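The values are calculated or read from the model by the stated rules, or taken from the named source; none is laboratory data. Given the structure is predicted, the values throughout are model-derived calculations rather than measurements. All Cβ positions, glycine included, derive from the backbone under ideal geometry; neighbour counts span all protein chains shown. Ligands, DNA and RNA are excluded from the accessible area calculation, which covers all protein heavy atoms including side chains. Shrake-Rupley method; radii C 1.70, N 1.55, O 1.52, S 1.80 Å.
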Amino acid sequence: MSANHLVWPPDRAGPIDAAGLEELYRYPDGPVPRVVVNFVSSADGAVTVEGSSRGLSTPPDRQVLDLGTDLADVVLVAAGTAVAEGFTGVKPGERAAGRRARHGLREIAATAVVTASGRSLPADAPVLTDTLVPTIVFTCAAAPSELRDAWAAAGADVVVTGEHDVDLAAVVAELGRRGLNRINCMGGPALFGSMAAAGLVDELRLTVAPFLVSGDAGRIARGTGLDPVRLTLLSVVAAHDTLLVRYAVSPGHEH
């Protein structure tokens, strides 16, 4: 019997193998960008342990995290999260290459980093320097020009959008213009909160990890607050005490 069990929707409940999970987590085809946000959280709502999400991750979480990247056109991440989590550019192995070929995707997913002030993104960050394709850095006009020049010198493709804050709608539109419609957003909480407030998130993929953390760890979204957004449950997979949950965030999308 499969280690993964599809709990929801009830008409499809039962064991689900690796191929079934891949089909469940693939991005729908379409000519417009689709933003999927990935997070892992403890059962009591913590998103980090000692400043990193690694302490919460479980094998099922890593499985769907890999699916999110393997099947995406681009990984979108806030600069602070990219540096704190040690992000590099995407480097697909044999498994990912096979998945990408099956779904007709480009050989390598791009990486896009968002930073307004630029202070959290040093020019020697691995997410800029340890890549197979140039990382796209989205920033705003208020970011110091010397920082923008340093990112470009490190090999990044620097895109300025917005005056004092990054225009996230313009970010999504620019990724779509480049044909990068399958957008896998890896956080952090401030970026998710801002994108949700702007109505730019289509799907939330949340892993509920079997841990209690307590302490003062943050939550998956952070910002000035927004009217509660009604989510629609798409699927739930139970695997080794972990819950893998998918929600539709914006109404009207096919799934």
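The set of residues in the range 166-189 that are surrounded by fewer than 20 Cβ atoms within 10 Å (Cβ to Cβ) and within 13 Å of the chain's Cα centre (by Cα) contains only 189.
Assess whether residue 219 counts as being of a type in the set (D, E, K, R), surrounded by 22 or more Cβ atoms within 10 Å (Cβ to Cβ) and in contact with a helix residue (DSSP H, G or I) (Cβ under 9 Å, 6 or more places away or on another chain).
On the way: of a type in the set (D, E, K, R): yes; surrounded by 22 or more Cβ atoms within 10 Å (Cβ to Cβ): no; in contact with a helix residue (DSSP H, G or I) (Cβ under 9 Å, 6 or more places away or on another chain): yes.
Answer is no for this residue.
Within the range 105-142, take every residue that is closer than 19 Å to residue 159 by Cα and in contact (Cβ under 8 Å) with a residue 60 or more places away in the chain and give me the one that is surrounded by the fewest Cβ atoms within 10 Å (Cβ to Cβ). Ranking the qualifying residues of the range 105-142, first place goes to 136.
Out of 229, 237, 245, report the one residue that is hydrophobic (A, V, I, L, M, F, W, C), touching a helix residue (DSSP H, G or I) at 6+ places or on another chain (Cβ under 8 Å), open to solvent by less than 20 Å² (accessible area, probe 1.4 Å) and farther than 17 Å from residue 54 by Cα. Step by step, each of 229, 237, 245 is checked, and only 237 is hydrophobic (A, V, I, L, M, F, W, C), touching a helix residue (DSSP H, G or I) at 6+ places or on another chain (Cβ under 8 Å), open to solvent by less than 20 Å² (accessible area, probe 1.4 Å) and farther than 17 Å from residue 54 by Cα.
Here residue 201 fits the description: under 21 Å from residue 61 (Cα atoms) and either open to solvent by less than 60 Å² (accessible area, probe 1.4 Å) or in contact (Cβ under 8 Å) with a residue 12 or more places away in the chain (or both).
Residue check: is residue 150 open to solvent by 30 Å² or more (accessible area, probe 1.4 Å) and more than 26 Å from residue 47 (Cβ to Cβ)? Yes.
Of all the listed residues (28, 59, 9, 15), the sole one being more than 28 Å from residue 168 (Cβ to Cβ) and open to solvent by less than 70 Å² (accessible area, probe 1.4 Å) is 9. When residue 171 is tested against (1) modelled with pLDDT of 95 or more; (2) of a type in the set (A, V, I, L, M); (3) closer than 27 Å to residue 54 by Cα, only condition (3) is not met. From 66, 70, grab the single residue that is open to solvent by 40 Å² or more (accessible area, probe 1.4 Å), over 21 Å from residue 167 (Cα atoms), out of contact with any strand residue (DSSP E or B) (no Cβ under 9 Å at 6 or more places or on another chain) and not aliphatic (A, V, I, L, M). When all the criteria are applied, what remains is 66.
Here are 177, 102: which of them is under 30 Å from residue 231 (Cα atoms), out of contact with any Phe, Trp or Tyr (no Cβ under 7 Å at 6 or more places or on another chain), free of Cβ contacts under 8 Å to residues at least 24 places away in the same chain and of a type outside the set (Asp, Glu)?
Working: 102 fails: under 30 Å from residue 231 (Cα atoms).
Residue meeting the stated conditions: 177.
Being touching a Pro at 6+ places or on another chain (Cβ under 9 Å), touching a residue at least 60 places away in the same chain (Cβ under 8 Å) and either under 26 Å from residue 241 (Cα atoms) or assigned to a loop (DSSP other than H, G, I, E, B) (or both) holds for only one residue in 32, 47, 40, 64, and it is 47.
The set of residues from the range 176-202 being closer than 21 Å to residue 81 by Cα and either part of a helix (DSSP H, G or I) or polar (S, T, N, Q) (or both) comprises 184, 189, 190, 191, 192, 193, 194, 195, 196, 197.
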